[in-house]
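The values are calculated or read from the model by the stated rules, or taken from the named source; none is laboratory data. In this text, all values refer to a predicted model and were calculated from it rather than measured experimentally. Cβ: placed from backbone, ideal geometry, glycine included. Neighbour counts: every protein chain shown.
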Amino acid sequence: MVSERKIRRLVERAKKYDPEAFSELYELYIRKIYRYILFRVGDYNVAEDLTENVFYKALNSIDGFKFKKVPFSSWLFTIAGNILKNYYRHKAVEKKYLSGIDKDLQISNIDVQLIFEKELDKQDLINAINRLNVEQRQVIIFKFISGLKNKEVSKIMKKSLGAVKALQYRALRNLSSYLSKKVS
């Protein structure tokens, strides 16, 4: 894990047009941003394009980023969220966010043992996540797909830490219920 201090140094160097610094930031966050977007759009090619747009926009506006109350990762996820809103607005898409997930996408801390024991497949999990309300779905994606900490999720969603924990608890409880019904 990279320290906040190192990230601050990289951001400051990137603001001074240091391509190596931005490249390091890119490498640190590309996978998390890509997973988040892929989970939202369900299409590998679209996810790649939108992820590229996130980093292009970040590169062009990094000089305006300030470390106030928001960590750099939250700033990137905010850009990603805005790009997704524009994508859906321009495409006028009113479909569910999930359809395909990369094979090596690892979903940690969701009762994976239950999923395997009950021989559920990835599509069952996707369908269960789709049944969650928007906020619960976002928490699951941020936490378990993008691997963010509760504190980061709290800042991205503009909710208290307690609210994020409650959303996560309800989301996991609902997922467990949906998946249990699937295997019954």
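Among the residues making up the range 46-71, a single one is within 14 Å of N82 (Cβ to Cβ) and among the charged types (D, E, K, R): K57. Quick one: is F55 at pLDDT below 90, surrounded by 14 or more Cβ atoms within 10 Å (Cβ to Cβ) and out of contact with any His (no Cβ under 7 Å at 6 or more places or on another chain)? No: the conditions fail for F55.
Matching residues to (1) more than 17 Å from V153 (Cα to Cα); (2) in contact (Cβ under 8 Å) with a residue 40 or more places away in the chain; (3) more than 13 Å from the chain's Cα centre (by Cα):
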position	(1), (2), (3)
S23	yes, no, yes
R35	no, yes, no
R40	no, yes, no
Y44	yes, yes, yes
D49	yes, no, yes
A58	yes, no, yes
D63	yes, yes, yes
L76	no, yes, no
K85	yes, no, yes
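Determine if the range 88-96 includes at least one residue that is at pLDDT below 75, under 18 Å from the mean Cα position of the chain (by Cα) and surrounded by 13 or more Cβ atoms within 10 Å (Cβ to Cβ). Scanning the range 88-96 turns up at least one residue that is at pLDDT below 75, under 18 Å from the mean Cα position of the chain (by Cα) and surrounded by 13 or more Cβ atoms within 10 Å (Cβ to Cβ).
Given the structure, is S184 under 23 Å from I37 (Cβ atoms) and modelled with pLDDT under 85?
Values: under 23 Å from I37 (Cβ atoms): no; modelled with pLDDT under 85: yes.
It is false that S184 is under 23 Å from I37 (Cβ atoms) and modelled with pLDDT under 85.
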